[in-house]
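Participant: Below you'll find the structure I mean.
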Amino acid sequence: MSGSPRRRDFRSTLKEHERLASGTDDSTATPPTYQATTPMPSTGAASPSPASRASLGTSPGQPALHSTAGARPLGTSGSVLPELAEAPASERKWWRHPAFLVSIGLTVLALAGAATWFIISAVNDDSVAVSGLTLQIEDGNAHLDWSGPDAAYSLYAVHGSGEVVDLTQFVHGGTEAWVYSAAGLYEDDTCFVVRPTSSTGDVALDAETLSAQRGQSACVTDATP
């Protein structure tokens, strides 16, 4: 940079100080001019034109922004979710149906009742009676045999002293019994009484009691060898 502009600026400033010191008011005097010695750097960016700036509600009753783009439609253009279909009810198995279970339960109860009635009828059947009772002593063992329907029978030993011993466990095959002498369960004065198990009451040897209990008796003294 040359020294001429600096000298001119200094001279102008000195003249202005002298004028103010002398008290003269020169309103018409030309104000000193200052010349910029250093130019402003240029950024290279152009300032935007007023036409390109967005207008924010410049007009009365216009609060919205100006936009060149069209208004976006409400909603969405995406695909809608499919409608939920009700799940089909699973078919119940036939063997789990309440009606089937009830019928099975009733059938079981009916069969149980029939079996109970049959057992009670067989035990308490008045038609069950002992007939044709025979007693044989074979090799020291007492063999009793009688006739009667297929039912439960009881066997008793009545000793001469009046003692009664239940020997039903020796009954085999429904209408036959073997009493072994080795067990010592009978003597020469012993009599055997056979009657249906359904019969109740005291065991006796008299004909009236035996007839009422549908039983019969046989004594060792009357046994056939």
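The values are calculated or read from the model by the stated rules, or taken from the named source; none is laboratory data. Computed from a prediction, not measured in an experiment: that's the story for all the values here. All Cβ positions, glycine included, derive from the backbone under ideal geometry; neighbour counts span all protein chains shown. With ligands, DNA and RNA removed, areas are computed over all heavy atoms of the protein, side chains included. Shrake-Rupley method; radii C 1.70, N 1.55, O 1.52, S 1.80 Å.
Participant: What accessible area, in Å² to the nearest ten, does a 1.4 Å probe give for Val203?
Facilitator: 40
Participant: Does region 132-216 come out rounded, prolate or oblate by the C-alpha gyration tensor, with a ≥ b ≥ c the root eigenvalues, rounded set by a/c under 1.5 and, if not, prolate when a/b is larger than b/c and oblate if not?
Facilitator: Numbers: a/c = 1.79, a/b = 1.19, b/c = 1.50.
Oblate, since a/c reaches 1.5 and b/c is not below a/b.
Participant: On to the next question. Could you give me D for region 125-170, from Stokes-Einstein at 25 °C and 0.890 mPa s, where the hydrodynamic radius is the Kirkwood radius over C-alpha pairs? Units µm² s⁻¹, please.
Facilitator: The diffusion coefficient I find is 198 µm²/s.
Participant: With a 1.4 Å probe and all protein chains kept in place, how do Glu16, Glu208, Glu83, Glu187 rank by accessible area, largest first?
Facilitator: Glu83, Glu208, Glu187, Glu16
Participant: What FRET efficiency would be calculated for the residue pair Trp95, Thr116, taking the C-beta separation as r and a Förster radius of 22 Å, to the nearest 0.05? Please list the in-between numbers first.
Facilitator: Working: r = 27 Å, r/R0 = 1.24.
Once rounded, the FRET efficiency stands at 0.20.
Participant: Tell me, what is the per residue accessible area of region 118-225 in Å², probe radius 1.4 Å?
Facilitator: 53
Participant: Of all accessible surface on region 130-219 at a 1.4 Å probe, what whole percent is carbon and sulfur?
Facilitator: Carbon and sulfur together cover 47 percent of it.
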